[in-house]
Amino acid sequence: MDTRKNSGKIVILGIILLIVAGIIVVALKGFNVSLMFGKHETINIKLDVDADIKKVREICKETFGSKNFIVKGLEVFGDSVQINVASITDEEKNTLIEKLNEGFGIQKTVENLNIKSVSNKRIRDVVKPYIMPMIIAYIIVCIYMLIRFSKINAVKQIINSIWKMILLEAILVSAIAVMRIAVSDLLISILILIAVVHLSYRVAVCEQERAKIEE
């Protein structure tokens, strides 16, 4: 029994330290954001030939070196590409055009590069559209739980569901901050999905407890 208590205390202490560390990291450095969340340059270019994305990526590797970049195709005709990179110098612009011309047998100039500077996204602005739907969903589920699980102290079950969900998300967000995992649209979607799955799990647990009482 003492061993279990000690293990529980260690786990609780570890969670507290992780959350505190996450708060400190966010306060001092902020979150580590993906390329598309941070300030970057978006480069659009029409190649007038079939844009082989794999070949464009290889050219970008040779041009930008260790810089992080993302390449994707544009338009239904597949002859245009978009390159997103943290920054681009005049030398890199010239190198990029030279390699694209050589690789695709075209004759483009630096003027054909449509370059736009994109400012960084604020994470709270990205998350904001999801907040109200999540609140509404939780309210609906809580009303359902009040009605469905009145025999097993529904209020207690609701409180447990909410604080455990908040704790779980706090642990995950803290881990993301401490481990410097890049925040992206996909990661935010995963966190939201985890909250939904957790809520579904708590409802399932309540259903099991209710079934036991009715047996």
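Would you be able to tell me the number of residues in region 79-100 that are surrounded by 15 or more Cβ atoms within 10 Å (Cβ to Cβ) and more than 15 Å from residue 61 (Cβ to Cβ)?
5
Would you point out which residue out of 110, 126 is on the phi < 0 side of the Ramachandran plot and under 21 Å from the mean Cα position of the chain (by Cα)? Talk me through it step by step, then tell me what you get.
Working: 110 fails: under 21 Å from the mean Cα position of the chain (by Cα).
Matching residue, one of 110, 126: 126.
Hey, could you check region 101-143 for residues that are surrounded by 14 or more Cβ atoms within 10 Å (Cβ to Cβ) and without any contact (Cβ under 8 Å) to a residue 24 or more places away in the chain and say which is nearest to residue 37 (Cα to Cα)? For region 101-143, the residue satisfying everything is 101. Being modelled with pLDDT under 90, closer than 26 Å to residue 12 by Cβ and of a type in the set (Lys, Arg) is a description that applies to residue 156. Looking across 210, 180, 202, one residue alone is more than 26 Å from residue 145 (Cβ to Cβ), basic (Lys, Arg) and touching a residue at least 40 places away in the same chain (Cβ under 8 Å). It is 180. The residue that is farthest from residue 174 (Cα to Cα), counting only those in region 2-41 that are in a loop (DSSP other than H, G, I, E, B) and not aliphatic (A, V, I, L, M), is 39.
Within region 171-187, which residues are in contact with a Leu (Cβ under 9 Å, 6 or more places away or on another chain) and closer than 14 Å to residue 23 by Cα? Can you show your working first?
Quick first cut of region 171-187, residues in contact with a Leu (Cβ under 9 Å, 6 or more places away or on another chain) only: 171-176, 178, 181-182, 184.
Scanning region 171-187 gives 171, 172, 173, 174, 175, 176, 178.
Considering only residues that are under 20 Å from residue 190 (Cβ atoms) and of a type in the set (Phe, Trp, Tyr), which ones fall in region 118-165? Result: 130, 138.
So, in region 42-56, exactly how many residues are in contact (Cβ under 8 Å) with a residue 60 or more places away in the chain and surrounded by fewer than 17 Cβ atoms within 10 Å (Cβ to Cβ)?
Step one: list which residues in region 42-56 are in contact (Cβ under 8 Å) with a residue 60 or more places away in the chain, which gives 42-47.
Keeping just the survivors that are surrounded by fewer than 17 Cβ atoms within 10 Å (Cβ to Cβ) gives 42, 44, 46.
The total comes to 3.
In region 51-164, counting only helices (runs of 4 or more DSSP H) that sit wholly within it, the ones holding 1 or more residues that are assigned by TED's automatic domain parsing to the domain that holds residue 189 and under 30 Å from residue 205 (Cα atoms) span 123-148.
Name every residue in region 160-215 that is of a type in the set (Ser, Thr, Tyr), surrounded by fewer than 14 Cβ atoms within 10 Å (Cβ to Cβ) and under 12 Å from the mean Cα position of the chain (by Cα), in order of residue number. The answer is 189, and nothing else. Filtered by the rule that a residue be among the polar types (S, T, N, Q), over 14 Å from residue 15 (Cβ atoms) and assigned to a helix (DSSP H, G or I), region 165-194 gives a lone residue, 189.
Anything in region 101-153 that is of a type in the set (D, E, K, R) and either within 30 Å of residue 214 (Cα to Cα) or touching a Cys at 6+ places or on another chain (Cβ under 6 Å) (or both)? List them, or say none.
Of everything in region 101-153, those that are of a type in the set (D, E, K, R) and either within 30 Å of residue 214 (Cα to Cα) or touching a Cys at 6+ places or on another chain (Cβ under 6 Å) (or both) turn out to be 148, 151.
The values are calculated or read from the model by the stated rules, or taken from the named source; none is laboratory data. All of these numbers come straight from a predicted model, not from anything done at the bench. Note that each Cβ is placed from the backbone with ideal geometry, even for glycine, and that neighbours are counted across all protein chains shown.
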